[in-house]
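Notes follow the structure.
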Amino acid sequence: MIKQLELRAARPLTSEAFSAFGDVIETSASTNNFAINGGITQRYHDLAKIDVSDQQGHAIISIFRSNPLPQPIAIKMMERHPYGSQAFIPMGDNPYLIVVAPAGEFDANSIEVFIANSNQGINYHKGTWHHFCLALDGESDFLVVDRGGEGDNCDVLELDGSLVIASS
């Protein structure tokens, strides 16, 4: 049996809606911001809580280049990072999908889908289940801040693909 989630029903990404899973990284009037560099630059300050210190971990910065999957998108895996948070900041103009489930024992019925604009990044809390980057509208680069260090920091759960995200 295929459970189908409508892409058009994906929730818009907001800080409030995403708070159980992590932080939304974006500029807005409600974020702490102030002028720096003689008033030339506006600093949007402390937008995400980077949590990577478990088991002597350290922060690393990478770029992930993602290509869109064929639609409809079958969800065939979820992953989580038990020792650190993981932030994704888009580096282009394409929107992208976020598929998440709460930390703890995985429950497919608790999966939520969000659609993010190209000016919104996310930071998954440690242990949050998520799908890999789901680029839309073309190849997309993401600046990624996550944990480097000893220990296996990626649990992967293979799914049967019966959960499908369709754009109809």
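Remark: Ile111, Ile98 ranked as Ile111, Ile98, counting other beta-carbon atoms within 10 Å and listing the fewest first. Dipole magnitude for the stretch 25-117: about 260 debye, using +1 per Lys or Arg Cβ and -1 per Asp or Glu Cβ, origin at the Cα centre. Full extension of the chain segment joining Phe132 with Asn33 gains 32.6 nm, where the gain is 0.36 nm per residue of separation less the Cα-Cα distance. Please find, in a Gaussian network model of the chain (springs between Cα atoms separated by less than 10 Å), the residue of Ile89, Ile50, Ile75 whose mean-square fluctuation is greatest. Sorting by GNM fluctuation, first place goes to Ile75.
Considering only Ala20, Ala101, Ala29, the mean-square fluctuation computed in a Gaussian network model of the chain, springs between alpha carbons under 10 angstrom, is largest for Ala29. Counting only C-alpha contacts under 8 Å and six or more residues apart, can you give the relative contact order of the stretch 44-168 as a whole percent? It comes to 44 percent, rounded to a whole number. What you get for the stretch 3-166, charging only the Cβ of Lys and Arg (+1) and of Asp and Glu (-1), is a dipole of about 320 debye around the Cα centre.
Legend: ranking of residues Tyr83, Tyr124 from fewest to most surrounding C-beta atoms inside 10 Å; resulting order Tyr83, Tyr124. Distance between the 7 Å Cα→Cβ label points at Ser110 and Glu150: 3.1 nm.
Highest mobility in the GNM of the chain, judged by mean-square fluctuation with C-alpha springs under 10 Å and restricted to Arg65, Arg43, Arg147, is found for Arg43. Would you be so kind as to identify which of Phe132, Leu47, Ala87 lies farthest towards the positive end of the dipole of the stretch 3-166, taking Lys and Arg as +1 and Asp and Glu as -1 on Cβ and the Cα centre as origin? Checked the options; the winner is Leu47. Among the listed options [x] 15.8; [y] 17.9; [z] 16.7, the one matching Kirkwood radius over Cα pairs in Å as calculated from these coordinates is [z].
Values in this text are rule-based calculations from the coordinates and carry no lab data. Owing to the predicted nature of the structure, the values given are computational and were not obtained by experimental measurement. Quick reminder, even Gly has a Cβ in these numbers, built from the backbone with ideal geometry, and neighbours come from all protein chains shown.
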